[in-house]
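First comes the structure, then the notes that go with it.
The values are calculated or read from the model by the stated rules, or taken from the named source; none is laboratory data. Since this is a predicted model, take the numbers as computed values, not measurements. Note that we place each Cβ from the backbone using ideal geometry, even for glycine, and neighbour counts take in every protein chain shown.
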Amino acid sequence: QQPVQSPQAVILREGEDAVINCSSSKALYSVHWYRQKHGEAPVFLMILLKGGEQKGHEKISASFNEKKQQSSLYLTASQLSYSGTYFCGTENGAGSYQLTFGKGTKLSVIP
Amino acid sequence: GAVVSQHPSWVICKSGTSVKIECRSLDFQATTMFWYRQFPKQSLMLMATSNEGSKATYEQGVEKDKFLINHASLTLSTLTVTSAHPEDSSFYICSARPYNTEAFFGQGTRLTVV
């Protein structure tokens, strides 16, 4: 079942913040976040496994709610290099290995 | 991290011909690899799961006779698009999850059928 991502697109000025959401109707085993630039392979950002987990690196962080049905990606003080399409990939069960990706959120950061 | 190498990066072929795309794991053994297709401005859609030494598992709606997958070794999976048509033009990308953590993607192959 494909996770639902929102918003579909967002335009930011450098330095502004953004939140991208990913939700599922059922509890997930894990959620992954990737960023893809046009014509390139997706680049891994982070993975969340535990309900209530929050993690981050520099100005990009993510959370996974207690019920493990909703995750958010937080981009703070955005930079031009943050532009791209962000996908969440969800894993339904342990050992399934298979990821189902949301439709993506196109983020454009302008000067 | 693990390295997945996909070849070619792009290919243009005539309608009716077949095209083979290779996906190699360079520094790990991959018993399972995943093949995705991505149309412009759309999501990555899983086509099939490639299993070393056995038949691939195809997602609903994906024609297995048209998209032939072979995973004959622990480091190589191939996707052959047979009798390609313009509607098969897309970005094809493979991935593996060797450590059951993040997915490592190949560089992708842009297929254009003319």
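Can you find a residue that is without any contact (Cβ under 8 Å) to a residue 24 or more places away in the chain and farther than 17 Å from A:G84 by Cα anywhere in the stretch A:40-48? Outline the logic, then answer.
Within the stretch A:40-48, the subset without any contact (Cβ under 8 Å) to a residue 24 or more places away in the chain is A:40-41, A:43-44, A:46-48.
Subset that is farther than 17 Å from A:G84 by Cα: A:47-48.
Scanning the stretch A:40-48, I find at least one residue that is without any contact (Cβ under 8 Å) to a residue 24 or more places away in the chain and farther than 17 Å from A:G84 by Cα, so the answer is yes.
Restricted to the stretch A:67-82, and to residues there that are over 12 Å from the mean Cα position of the chain (by Cα) and crowded, with 18+ Cβ neighbours inside 10 Å, the residue that is farthest from A:W33 (Cα to Cα) is A:S78. In the stretch B:77-106, the qualifying residues are those that are closer than 19 Å to B:S5 by Cβ and surrounded by fewer than 17 Cβ atoms within 10 Å (Cβ to Cβ), and the one that is modelled with the highest pLDDT is B:T80. Among the residues making up the stretch B:43-79, those that are part of a strand (DSSP E or B), of a type in the set (S, T, Y) and closer than 12 Å to B:C23 by Cβ are B:S50, B:S73, B:S77, B:T78.
Here the condition is being farther than 22 Å from A:M46 by Cβ and within 13 Å of chain A (Cβ to nearest Cβ); of B:T75, B:T49, B:T80, it holds for B:T49 alone.
Would you call A:I20 in contact with a Leu (Cβ under 7 Å, 6 or more places away or on another chain) and either within 14 Å of chain B (Cβ to nearest Cβ) or in a strand (DSSP E or B) (or both)? I'd like the intermediate steps shown before the answer.
Numbers: in contact with a Leu (Cβ under 7 Å, 6 or more places away or on another chain): yes; either within 14 Å of chain B (Cβ to nearest Cβ) or in a strand (DSSP E or B) (or both): yes.
Spelling it out, A:I20 is indeed in contact with a Leu (Cβ under 7 Å, 6 or more places away or on another chain) and either within 14 Å of chain B (Cβ to nearest Cβ) or in a strand (DSSP E or B) (or both).
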